[in-house]
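K.L.:
Structure in structure tokens, see below.
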Amino acid sequence: MTYEQRDSSPTEETREDLLREAERFIEEPGREKMQEAAGPPRSLLVFSLAAEWYAVDLAHVKKVLRTAPLAHVPGAPPEVLGLMNCQGEVLCVLDLRKILGIPGGAKGASTTGGFVVVMHFGGKDAGVLVDGVDDAWEIPASEVLPPLESLEPSRARFFEGTVSRSGRFVGLLSATTCLNP
């Protein structure tokens, strides 16, 4: 039989074989349950604060801005750094160091050179001051480990878990808890 006499080309036959194999793989018993147990992949924004690395779910991140002058709010709680003009909107900027109990809070210190991660929660926006923004990661949900046991209980409530990548531990923060300390 010559090439012209075949009903399909070798490429089409290979494609059909691959599709049949993929179908068997997908229909493999227990595969769907394994994927459900692991959950959907997580997209995270990774940033630094002092010498530590943290991440927050990108679903809560609205934007990342360079710091701008902050207006002091008399009588505000210690974790409130001030108010910032964010594209014509007033944005409350929080000191994540104070919230997490990291020494050297930014209150009274210069806030220039850092970034403000603007998060959305409960119909409102708030920003948190961070030192640097590293990257956005997409990881399988199965790679999110429980929070480190060495965390003080007062700090542990701010964490959803821990992610380890390239020998670096990254604390996965709960946006809900961090924005409502």
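K.L.:
Among 65-78, 85-98, 43-56, what's the highest-first ranking by average C-beta atoms within 10 angstrom per residue?
P.N.:
The packing order, highest mean first, is 43-56, 85-98, 65-78.
K.L.:
Can you tell me the accessible area per residue over the range 44-181, all protein chains present, probe 1.4 angstrom, in square angstrom?
P.N.:
The answer is 51 Å² per residue.
K.L.:
Could you give the dipole magnitude of the range 46-181 about its Cα centre, charging the beta-carbon of Lys and Arg +1 and that of Asp and Glu -1, in debye to the nearest 20?
P.N.:
That gives the range 46-181 a dipole magnitude of about 320 debye.
The values are calculated or read from the model by the stated rules, or taken from the named source; none is laboratory data. From a predicted model like this one, the values you see are computed outputs, not experimental measurements. Quick reminder, even Gly has a Cβ in these numbers, built from the backbone with ideal geometry, and neighbours come from all protein chains shown. With ligands, DNA and RNA removed, areas are computed over all heavy atoms of the protein, side chains included. Shrake-Rupley method; radii C 1.70, N 1.55, O 1.52, S 1.80 Å.
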